[in-house]
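Peer 1: Sharing a structure below in structure tokens format, with a few things to ask.
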Amino acid sequence: MRIRGAIERAADVLLGVQTWGYQEVAGAENNPYSPVPWTALIPMLMSVPKSSLRGSFVDLGCGKGRVLTAASFLGFSRVVGVEIDAELCVAAERNRGSRRYEVVCADACKYVAPADTSVLFLGNPFVGSVLETAMRNNCTDGRLMLCYYNTGKVNRAALDLGIGLTEISHGHNWAAYTVG
Ligand SMILES: C[S@@+](CC[C@H](N)C(=O)[O-])C[C@H]1O[C@@H](n2cnc3c(N)ncnc32)[C@H](O)[C@@H]1O
């Protein structure tokens, strides 16, 4: 556990960001801030096919911007994070430095991703009706890849909601799907 914690912090230090930590957020169905471990994030992003890099990457519930930081190295046309908590939005902006990503401070329920979105990333940001609305609003394009991380086993049935997910890769606590 100590070694894993040290790796998490060392990656932040190397990239000049501060993304570790935990923070409660308001809303019964909104999960607290706790970043996807770097050790899971890197294989998740490595599973993205080259062809998807032409579109936009969207992290719903971006917290302090760890996922945005990593995605900004890959050459997506646009990298966008949506975050409901104002303090976390400020932290994500601070962590951006000279990297190219946008932070939208909003409820993901009310957000519709850019039309050219090729990767939708969810690091266990919310559950219940918030998850359902966000998925229905944004998982409409058959070219979309959904990357999902959970702290436990990923439950595809709970995630699918009739939108038709096909698993294309998975790892410890994460899975990637095509939609439709
Ligand atoms: C488990 S953290 C993951 C953060 C980020 N994806 C990462 O891995 O570094 C979930 C994040 O989703 C945000 N969140 C929860 N509900 C939200 C909502 N309805 N709209 C936007 N963001 C939300 C939380 O504030 C928190 O920052």
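Peer 1: Specify which residue in the list 159, 180, 144 is farthest towards the positive end of the charge dipole of the stretch 48-180, using unit charges on the beta carbon of Lys, Arg (+1) and Asp, Glu (-1), about the Cα centre.
Peer 2: In the stretch 48-180, that residue is 144.
Peer 1: Within the chain, what is the longest stretch that has no GluC sites (Glu not before Pro) placed in a DSSP loop and near at most 16 other beta-carbon atoms within 10 Å?
Peer 2: 30-180
Peer 1: Would you mind working out the magnitude of the charge dipole of the stretch 21-180 relative to its Cα centre, with +1 at each Lys and Arg C-beta and -1 at each Asp and Glu C-beta, to the nearest 20 Debye?
Peer 2: The dipole magnitude comes to about 560 debye.
Peer 1: On a 0 to 90° scale, report how tilted helix 128-138 is relative to the longest principal axis of the chain, with both axes built from alpha carbons and the result rounded to the nearest 10.
Peer 2: That works out to roughly 70 degrees.
Peer 1: Right, another one. Could you identify which residue out of 134, 115, 106 has the top mean-square fluctuation in a GNM of the chain using Cα springs shorter than 10 Å?
Peer 2: Sorting by GNM fluctuation, first place goes to 115.
Peer 1: Now for a separate question. Which ³J(HN,Hα) values, rounded to whole Hz and listed in residue order, are derived for the stretch 100-115 from phi using the Karplus coefficients 6.51, -1.76 and 1.60 in 6.51 cos²θ - 1.76 cosθ + 1.60 with θ = phi - 60°, glycine and proline given as x?
Peer 2: 9, 8, 10, 10, 10, 8, 7, 7, 4, 4, 9, 9, 10, 5, x, 4
Peer 1: If you don't mind, there's one more thing I want to ask. With springs only between Cα atoms under 10 Å apart, run a GNM on the chain and tell me which of 78, 66, 94 wobbles the most.
Peer 2: Between 78, 66, 94, it is 94 that shows the largest mean-square fluctuation.
Peer 1: While we're on this one: Taking a cut-off of 15 Å, what percent of all Cα-Cα pairs in the stretch 25-116 are separated by more than that?
Peer 2: 59
Peer 1: For residue 59, list long-range residues whose amide hydrogen, built 1.01 Å from N in the peptide plane, is under 5 Å from its own amide hydrogen.
Peer 2: Residues meeting the criterion, in which the H sits 1.01 Å from N, are 80, 81, 82, 121.
Peer 1: Which listed residue (27, 6, 58) has the Cα farthest towards the positive end of the charge dipole for the chain, taking +1 on Lys and Arg C-beta and -1 on Asp and Glu C-beta about the Cα centre?
Peer 2: Going by the charge dipole, the pick is 6.
Peer 1: Just 133, 69, 19 to compare: in a GNM of the chain, with alpha carbon springs under 10 Å, which one fluctuates most?
Peer 2: Maximum fluctuation in the GNM of the chain, among the listed residues, is at 133.
Peer 1: A further question on this structure: Can you give the Rg and Dmax of the chain based on its C-alpha atoms, in angstrom?
Peer 2: Computed over the Cα atoms of the chain, radius of gyration and Dmax are 14.9, 42 Å.
Every number in this text was worked out from the coordinates using simple rules, so none of it is lab data. This is a predicted model, so every value here is computed, not measured. Cβ: placed from backbone, ideal geometry, glycine included. Neighbour counts: every protein chain shown.
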